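K.L.:
Below is the structure I would like to discuss, written out as structure tokens.
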Amino acid sequence: PPAKVLVLGAGVAGLAAIQTAKNMGAIVRAFDVRPVCKEQVESMGATFLEVDIDEDGSGAGGYAKEMSDAYKEAQAKLMLEQAADVDIIVTTALIPGKKAPVLVNEEMLSLMKAGSVCVDLAAANGGNVAQTKPDEIVTTSNGVKIIGYTDMPSRLASTASNLFANNIAKFILSVGPQTSEEKGFFQINMEDDAVQNMLISYDGEARWPDKIVPFSPPPPPAQAAVAEVVELTPEEEKALADKTSKDKFVKNSMLASIAAAALVAFGLTADSPSAVSLMATFGLAGLAGYQVVWGVAPALHSPLMAVTNAISGSTAIGGLLLLASGEQSGSLIPDSPSHWMGAIATVLSFINISGGFLVSGKMLDLFRRPEDPKEYFEFYGLPVAIILSGLAAAGFFNIGDLSLMSGTSAIAASILCISAIAALANQETARTGNVLGIAGVALGLAATTSDMAVEGGSLVAFEQAGVLGGLGVAVGSVLASGVGPTELPQTVAAFHSLVGLAAMAGAAGEYLGNSGDLMVGTLSSIYLATFIGGVTFAGSLVAFGKLAGMMDAAPLQLRGRDQLNLAMLGACALGMGAFLSPEISASMTAMDPETVRLASLGMVGAVSSILGYHLTASIGGADMPVVITVLNSYSGWALVAEGFLLNNPLLAQVGALIGFSGAILTWIMCEAMGRNIVSVILGGAGTEIVQKSGEAVEMEGEVTVASVDAVTEALLEAKNIIITPGYGLAVAQAQFAVADIAKNLKAMGKNVRFAIHPVAGRMPGQLNVLLAEAGVPYDMVFEMEEINDDFDDVDVTLVIGGM
């Protein structure tokens, strides 16, 4: 291993010793009572040691002054720790007019290892080491050699001559051509402290000692002003507490009032008791989902989004029911617009289901450790088989009512989907969550096939469902097979777009198949499902393009951006009015009511897609983690709308689960990034649009460049290390190298931990998945909130790939 060198005194001699030791590959530390030396020491790649007492030891002429007793006591404690660790100590400390201070006392010498060396360059002035003898090498009782030569220049004649000649040449250049404004003109710059301090005569007049101005080091940088702590009286504390409590109650009452108004609007427009029952189911499922999502470990937010994305493939329920509706021609090829919409919704949904669960399984397998006990998921097949046997008994043997058994199976499916999210609370049960999600969706689809039979679906409808479902599963499996942790964000975004398109197709198919027999509540659900689906579809495609590098990551900044969004929202609102009350629009145009409704539905599909494109394109690539969570939430609300459209409790329940999941993650991301959640949802509304100018941005500030050797040295010296990875780690595929570094440091007995920022990566939890892929044990990985308080005790924080 490299030698550890401690240099005491960072003047000219000390800096030369530091540079020499660094050039020879040593680990170098330095100490000086003058704070101004710190920057010079660190610029040479050495570590500057400091005591806890704030005291400046800068004296006249650039030398050090004598320090207070308290400072000396703190310094002695620091030196004892260093003496036991280093191999070589070089001392250079001098105080003008006084004996050299003893920096290495007998206690320090007794702690040094046998074979260690002390080089005392202050031996001529009494020495900085307790047992120094001028012009001798002393060996202590514990084998430490103390070199006290006072004739170093003559012992190193060639080196001393080169150093002296170099200093003279640099001095002449500094007082002359290098400081002159005019090339070739020799000028003595009397404003330069180094020059005026060394000139003993100038222009025929003696300057020493009266005309030389002693050098005074610049004052240390001003400390940031500490905010004055104002102590409140008991009355003021109570008033402040009352105000905080009032603000909280006002906020909660406003949210409750909005929810109450929404319920009133629903109650006044509901068209059947079953719709009210469905709303109750939605509310309870939403409350349960809200609670379980908060319990999900932040490290598993990526799998959470993948699992909820797969569950959102329940839009297949709407597609399957459309295939069984209406009259069948007997051909596998859909024979009506409604059936075509059902076919599209079915195949897209099955792509999402298979691809989503396969990607989730691959991610969660990365968190599995060799010492984890074996998991017997096959036993979960027994309760699922029992439910399926109940459906078979009702369907094939007429035991009980098939429609009631189907509803019972849907309850089991909903419970399993909620349990799947709850199981993501920690890494030990996360893989169970994925299995429960698969079981839940499987039971939901099984219940739907029973509903197809109840509605009188023909054999052809079931054959179409099998072919389309199989095709979707095959495509989804192929897509998922090539997805790794780095490609995860854009894959999830692409799957979201399928959910949006499937919701639009399902809504359009429901209208086209039942256009003359629909109530206001159903029509509202059709319109809202189309609107949310359009925004989700186009917005997800833009997010995919930006994350995959197919589109410019910079935000689209059109003039009048907010006004454009408001205009499109207004157009969709007017379109909804025309869709629900086509007679009013028909009386003002030459179109019949049915044509008005078709035009309104087509318009909202097109405009909502343009709106989704513009909202997402107006947000920069750095905010894509938030955009993905918003789109995840949208896919859930699209399912809710479809659930009310089909009067299907299962869709309303899983939609509420996914909607609240995405909303909660969006809130967490916005808080972590300091973004306004309303602004993000509305495509950056309210933020300033920056127009590009032709002038290049001038970067200000000072950049300190670290070398590989310097970072290696810092890590070897450190005891407590925190590694904070960013998205650059994913781009460079550096997780394996970083895992090896952490493993080697851990083997050396160092405390190594990873700190993950909530929005590190391009989607929540992506960096946790990357580290799991590289084999980093998840008990070494912490969220930033968990580890923030430990940074004061950390020796080195290594930020990798922060972008």
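K.L.:
If you take every DSSP beta bridge whose two residues both sit in the chain, what share of them, in percent to the nearest 5, is antiparallel?
P.N.:
Counting DSSP beta bridges with both partners in the chain, the antiparallel share is about 15 percent.
K.L.:
Helix 273-294 sits at what angle to the longest principal axis of the chain, using alpha carbons and giving 0 to 90 degrees rounded to 10?
P.N.:
Roughly 20 degrees, rounded to the nearest 10.
K.L.:
Rounded to the nearest 0.05, what FRET efficiency do I677 and D517 give with R0 = 45 Å and r taken as the Cβ-Cβ distance? Could you check?
P.N.:
0.65
K.L.:
Moving to a separate point now. If a paramagnetic tag sat 7 Å from the Cα of M190 along the Cα-Cβ line, which residues of region 138-177 would have the backbone N under 16 Å from that point?
P.N.:
Only 175-176 pass the distance filter.
K.L.:
Also: Please report, in debye to the nearest 20, how large the charge dipole of the chain is about its Cα centre when each Lys and Arg carries +1 at its beta carbon and each Asp and Glu carries -1 there.
P.N.:
Here the chain has a charge dipole of around 1200 debye.
K.L.:
I want the local charge near G521. Using Cβ-Cβ distances under 14 Å, sum +1 for each Lys or Arg and -1 for each Asp or Glu among the other residues.
P.N.:
So the surrounding residues net to -4.
K.L.:
Follow-up. Suppose a student asked you for the relative contact order of region 412-523, using Cα pairs under 8 Å spaced at least 6 residues apart; what percent would you report?
P.N.:
Dividing the mean separation by the residue count of region 412-523 yields 16 percent.
K.L.:
If I histogram all Cα-Cα distances within region 340-435 using bins 10 Å wide from 0, what percent of pairs lands in each bin?
P.N.:
Answer for region 340-435: a P(r) of 13, 31, 34, 17, 4, 0 percent.
K.L.:
Among all the aspartates and glutamates, which ones have a C-alpha under 17 Å from K243's C-alpha, if same-chain residues fewer than 8 places away are not counted?
P.N.:
E235
K.L.:
Sticking with this one: Over region 623-665, what relative contact order in percent results from Cα pairs under 8 Å that are six or more residues apart? Mind dumping the intermediate values first?
P.N.:
Working: 54 pairs, mean separation 20.8, N = 43.
With pairs under 8 Å counted, the relative contact order is 48 percent.
K.L.:
Working from Cα positions, state the angle (0 to 90°, nearest 10) between the long axis of helix 301-311 and the longest principal axis of the chain.
P.N.:
10
K.L.:
Calculate the translational D of region 297-349 in whole µm² s⁻¹ from Stokes-Einstein, where the hydrodynamic radius comes from the Kirkwood formula applied to all Cα pairs, the temperature is 20 °C and the viscosity 1.002 mPa s.
P.N.:
171
K.L.:
Sum up the charges of everything whose Cβ sits under 14 Å from the Cβ of N197, counting Lys and Arg as +1 and Asp and Glu as -1, but leave N197 out.
P.N.:
Net charge in that neighbourhood comes out at -2.
K.L.:
How would you rank 374-385, 140-151, 502-513, 435-446, highest first, on the average number of other Cβ atoms within 10 Å across their residues?
P.N.:
502-513, 435-446, 140-151, 374-385
K.L.:
Can you figure out the FRET efficiency of S581 with W294, using R₀ = 30 Å and their beta-carbon distance, to the nearest 0.05?
P.N.:
In this case the efficiency is close to 0.15.
K.L.:
Taking R0 as 51 Å, what FRET efficiency do you get between M780 and F249 from their Cβ-Cβ distance, rounded to the nearest 0.05?
P.N.:
E between M780 and F249, to the nearest 0.05, is 0.75.
K.L.:
Once a ≥ b ≥ c are taken as the square roots of the eigenvalues of the Cα gyration tensor of region 600-681, is the result rounded (a/c under 1.5), prolate (a/b larger than b/c) or oblate (a/b not larger than b/c)?
P.N.:
oblate
K.L.:
Longer than 22 Å from Cα to Cα, which of K72/K750; K4/K113; K22/K746; K145/K746; K719/K743; K145/K719 are they? Say none if no pair is.
P.N.:
Table pairs above 22 Å Cα-Cα are K72/K750; K22/K746; K145/K746; K145/K719.
K.L.:
Suppose every K and R has +1 on its Cβ and every D and E has -1 on its Cβ; what is the size of the dipole of region 390-537 about the Cα centre, in Debye to the nearest 20?
P.N.:
280
K.L.:
Report the accessible area of H339, computed with a 1.4 Å probe over the heavy atoms of all protein chains in place, in Å² rounded to the nearest 10.
P.N.:
10
K.L.:
Accessible area, 1.4 Å probe, largest first: how do W294, W637 sort?
P.N.:
W294, W637
K.L.:
Take D792 and N162, extend 7 Å from each Cα along the Cα→Cβ direction, and tell me the distance between the two endpoints in nm.
P.N.:
4.8
K.L.:
While we're on this one: To the nearest 20 Debye, how big is the dipole of region 361-468 about its Cα centre, given +1 on the beta carbon of each Lys and Arg and -1 on that of each Asp and Glu?
P.N.:
Computed charge dipole of region 361-468: roughly 240 debye.
K.L.:
Of S277, G342, A206, which is farthest along the charge dipole of the chain in the positive direction, counting Lys and Arg as +1 and Asp and Glu as -1 at C-beta?
P.N.:
Most positive-ward Cα: G342.
K.L.:
With every protein chain present, what accessible area does S481 have (1.4 Å probe, heavy atoms only), rounded to the nearest 10 Å²?
P.N.:
Near enough 90 Å² of accessible area.
K.L.:
Enter the angle in degrees (range 0 to 90, nearest 10) between the Cα long axis of helix 735-747 and the first principal axis of the Cα atoms of the chain, meaning the one along which they spread out most.
P.N.:
Tilt relative to the chain: about 50 degrees.
K.L.:
Here's another thing I want to ask about it. Between E428 and E327, how many nm apart are label points set 7 Å from Cα along the C-beta direction?
P.N.:
Result: 6.2 nm between the two label points.
K.L.:
Please compute the contact order of the chain in relative form: average sequence separation of alpha-carbon pairs under 8 Å and at least six residues apart, divided by the residue count, as a percent. The partial results should precede the final answer.
P.N.:
Details: 1305 pairs, mean separation 85.7, N = 803.
Reported relative contact order: 11 percent.
K.L.:
Same structure again: In the set (1) 211; (2) 250; (3) 224, which value of volume of the Cα convex hull per residue in Å³ was calculated from the structure you see?
P.N.:
So the calculated entry is the one marked (2).
K.L.:
Determine the gain in length on full extension of the stretch A732-I411; use 0.36 nm per residue of separation and subtract their C-alpha separation, reporting nm with one decimal.
P.N.:
Difference between extended and current length: 111.0 nm.
K.L.:
For D517, what accessible surface area do you get with a 1.4 Å probe? Give it in Å², rounded to 10.
P.N.:
130
K.L.:
Now, a different point. Using a ≥ b ≥ c from the Cα gyration tensor of region 246-328 (square roots of the eigenvalues), is it rounded, prolate or oblate, where a/c under 1.5 gives rounded and otherwise the larger of a/b and b/c decides, a/b for prolate?
P.N.:
Values: a/c = 3.49, a/b = 1.18, b/c = 2.95.
Oblate is the answer for region 246-328, as a/c is 1.5 or above yet b/c matches or exceeds a/b.
K.L.:
Next question. Taking K246 as the anchor, which lysines have their alpha carbon closer than 18 Å to its alpha carbon, excluding any fewer than eight residues away along the same chain?
P.N.:
Candidates past the 8-residue exclusion: K238.
K.L.:
With labels modelled as points extended 7 Å from the Cα through the Cβ direction, what inter-label distance (nm, one decimal) is found for A241 paired with E205?
P.N.:
Modelled inter-label distance: 7.4 nm.
K.L.:
Based on a Kirkwood Rh over C-alpha pairs, give the Stokes-Einstein translational diffusion coefficient of region 281-395 at 37 °C and viscosity 0.692 mPa s in µm²/s.
P.N.:
This corresponds to a translational diffusion coefficient of 187 µm²/s.
K.L.:
Which is farthest toward the positive dipole end of region 717-803 among A737, G761, F791, measuring Cα position about the Cα centre, with Cβ charges +1 (Lys, Arg) and -1 (Asp, Glu)?
P.N.:
Going by the Cα projections, it comes out as A737.
K.L.:
Of the options L402, A706, I722, report the single residue whose Cα projects farthest towards the positive end of the charge dipole of the chain (beta-carbon charges: Lys, Arg +1; Asp, Glu -1).
P.N.:
With unit charges placed on the Cβ atoms, the residue in question is L402.
K.L.:
Let me make sure I get this right: for region 128-176, a, b and c are the square roots of the gyration tensor eigenvalues over alpha carbons, sorted descending. Under 1.5 in a/c it's rounded, otherwise prolate if a/b > b/c, else oblate. Which is it?
P.N.:
Note, shape of region 128-176 comes out prolate.
The values are calculated or read from the model by the stated rules, or taken from the named source; none is laboratory data. Owing to the predicted nature of the structure, the values given are computational and were not obtained by experimental measurement. Positions of Cβ are generated from backbone atoms using ideal geometry, with glycine treated the same way; all protein chains shown enter the neighbour counts. Heads up: the accessible areas ignore ligands, DNA and RNA and are worked out on the full protein's heavy atoms, side chains in. Shrake-Rupley method; radii C 1.70, N 1.55, O 1.52, S 1.80 Å.
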